[in-house]
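K.L.:
Handing you this structure, nothing more for now.
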Amino acid sequence: MPSALKDSQASATQRFSHALSLVPEIAKVEERIRSTFTSDVAIMREIPEYLLSLGGKRIRPILALLCSKALGAQEITDDIIDIAAGIELIHMATLMHDDIIDQSPIRRHKPSAYARYGLPGTLLSGDFLLTRAFGLCSRLDREIIEATEQACIELVEGETLEIAIPLAEQTTASSLTIATRKTASLFRLAAFCGASLTESPDSVKESMSKFGEALGIAFQIIDDILDVTSDEATLGKRPGIDIAERKPSLINILWIESGDPAAQRLLVPADPKTEQSFVEESLQKLRASEILQRAKDSAKFHADIASKNLIDALGGDLHNLPPEGEALIAVIDFALERVL
Ligand code: FPP
Ligand code: MG
């Protein structure tokens, strides 16, 4: 890394941009993803293409590429491209299904696939992408196939727990379990695959997996915070959706557990006449509250676990990391900088 970027004065955003420059192979991952959109049923090409065109950070494939390079991969092999593409395809499938479940009109500043193409096409496109993902990863080692299966099961379990447990029965522990399963499972898989494909020892695979999982939990908490603190132009959707949808986000749970009588309204059916003002007043109150700070502390706590495990996986010395290891630290800092 150029010394200017090692400087602590360089912002996390600059260091994150530098991190991206270390994995130009992300363009190949994008091509590999697109190469799976083949079908003689036109809509099965069109809907995945639409979701891909909405963009996104591609953070999961970037993690897989950076982890494998940090662990010494001399070249990015077809196997690494396949699994990085497969993980993003799974992520895309979950977004399609999640937008149906949440009946979300917007994703990434544009109409969601659900809003544009309707439920049946979006549901079936999610099935199509998930099947394509397993097509790619089935060419790889058994431990990668099993880890991918496990991550998908956890995604489904996390989404189910979010819906099935009434908000009144959710706790900070259950909220973190949901974040671990619905979000961190794919981050963990990406980091694990980077280690598995470089034939790293089990202890390194384990540390990399813990790094990915902790980073994923921090990401979900940061997402929950941004739902309160951010604006529509930045988020690509209205803020306050977690309040409106009575989600077991860490913020909502901390608010209920704080004993604030205003939070009790999260536990009763919404009154359409006053719902909009409830969401707006709640956002104003939460933005100035200690609850926000507690959520930020929790994001930082998990980000620190991520850093510790990453450093362990890369030999234990923060001051002697490979450039891609520095880049992974920049990914953690970049995520945190969005909220701290
Ligand atoms: C988005 O979270 C949703 C997820 C991270 C997971 C969704 C998982 C499923 C729908 C299970 C289906 C599983 C497979 C394998 C296809 P969010 O609702 O908090 O964030 P958002 O604001 O992006 O919607
Ligand atoms: Mg959602």
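K.L.:
How do the pairs read when you match residues in segment 90-105 that are touching a residue at least 40 places away in the same chain (Cβ under 8 Å) with residues anywhere that are more than 10 Å from ligand 2 (Cβ to nearest atom) and among the charged types (D, E, K, R), using Cβ under 7 Å and keeping only pairs 6 or more apart or on different chains?
P.N.:
That search, which allows pairs on different chains as well, returns His91/Arg60.
K.L.:
Output the number of residues of segment 165-199 satisfying the condition of being crowded, with 24+ Cβ neighbours inside 10 Å and either on the phi > 0 side of the Ramachandran plot or of a type in the set (Lys, Arg) (or both).
P.N.:
Adding up the residues that qualify gives 1.
K.L.:
Another question about this same structure. Can we say Ser258 is closer than 22 Å to Ile178 by Cβ, out of contact with any His (no Cβ under 7 Å at 6 or more places or on another chain) and within 15 Å of ligand 2 (Cβ to nearest atom)?
P.N.:
Answer is no for this residue.
K.L.:
Condition test on Arg15, is it at pLDDT 95 or above, assigned to a helix (DSSP H, G or I), of a type in the set (D, E, K, R) and more than 16 Å from ligand 1 (Cβ to nearest atom)?
P.N.:
Here the answer is no, as Arg15 does not meet what is asked.
K.L.:
In addition: Looking at segment 208-222, can you tell me whether even one residue there is surrounded by 20 or more Cβ atoms within 10 Å (Cβ to Cβ), over 23 Å from Glu157 (Cα atoms) and touching a residue at least 40 places away in the same chain (Cβ under 8 Å)?
P.N.:
Scanning segment 208-222 turns up no residue that is surrounded by 20 or more Cβ atoms within 10 Å (Cβ to Cβ), over 23 Å from Glu157 (Cα atoms) and touching a residue at least 40 places away in the same chain (Cβ under 8 Å).
K.L.:
How many residues does segment 84-99 contain that are among the charged types (D, E, K, R) and closer than 15 Å to Phe134 by Cβ? Reasoning before the result, please.
P.N.:
First, pick out the residues of segment 84-99 that are among the charged types (D, E, K, R): 88, 98-99.
Restricting the remaining residues to those that are closer than 15 Å to Phe134 by Cβ gives 88.
Count: 1.
K.L.:
I'm trying to understand the selection: among the residues of segment 212-235, which are among the acidic types (Asp, Glu) and within 12 Å of ligand 1 (Cβ to nearest atom)? Working first, answer last.
P.N.:
First pass over segment 212-235, keeping only residues among the acidic types (Asp, Glu): 213, 223-224, 227, 231-232.
Passing the criteria: Asp223, Asp224, Asp227.
K.L.:
Also: Filter segment 101-123 down to residues that are assigned to a loop (DSSP other than H, G, I, E, B) and within 12 Å of ligand 1 (Cβ to nearest atom) and give me whichever is surrounded by the most Cβ atoms within 10 Å (Cβ to Cβ).
P.N.:
So, considering only residues that are assigned to a loop (DSSP other than H, G, I, E, B) and within 12 Å of ligand 1 (Cβ to nearest atom), the one surrounded by the most Cβ atoms within 10 Å (Cβ to Cβ) is Ser112.
K.L.:
Limited to segment 302-334, what total is found for residues that are among the hydrophobic types (A, V, I, L, M, F, W, C), within 17 Å of Phe187 (Cα to Cα) and either surrounded by fewer than 16 Cβ atoms within 10 Å (Cβ to Cβ) or in contact with a His (Cβ under 8 Å, 6 or more places away or on another chain) (or both)?
P.N.:
2
K.L.:
Across segment 232-255, which residue is farthest from ligand 2 (Cβ to nearest atom) among those that are of a type in the set (Gly, Ala, Ser) and farther than 22 Å from Ser298 by Cβ? Explain how you work it out, then say what you get.
P.N.:
Here is the first cut: in segment 232-255, the residues of a type in the set (Gly, Ala, Ser) are 233, 236, 240, 244, 249.
Filter again for farther than 22 Å from Ser298 by Cβ, leaving 233, 236, 244.
Details: Ala233: 19, Gly236: 12, Ala244: 12 Å.
Per the stated criteria, the residue is Ala233.
K.L.:
Here is a follow-up. Output the residue which, of all residues in segment 236-255 that are assigned to a helix (DSSP H, G or I) and surrounded by fewer than 18 Cβ atoms within 10 Å (Cβ to Cβ), is nearest to ligand 1 (Cβ to nearest atom). Write out each step before concluding.
P.N.:
To start, the set of residues in segment 236-255 that are assigned to a helix (DSSP H, G or I) comprises 241-244, 250-255.
Of the ones still in play, those that are also surrounded by fewer than 18 Cβ atoms within 10 Å (Cβ to Cβ) are 241, 244.
Numbers: Ile241: 7, Ala244: 12 Å.
Filtering segment 236-255 for residues that are assigned to a helix (DSSP H, G or I) and surrounded by fewer than 18 Cβ atoms within 10 Å (Cβ to Cβ), the one nearest to ligand 1 (Cβ to nearest atom) comes out as Ile241.
K.L.:
Here are Leu52, Leu89, Leu65, Leu95: which of them is within 16 Å of ligand 2 (Cβ to nearest atom), closer than 28 Å to Ala195 by Cβ and not hydroxyl-bearing (Ser, Thr, Tyr)?
P.N.:
Leu95
The values are calculated or read from the model by the stated rules, or taken from the named source; none is laboratory data. Everything quoted here is computed from the prediction, not taken from an experiment. Ideal geometry is used to build each Cβ from the backbone, glycine not excepted, and the neighbour counts take in all protein chains shown.
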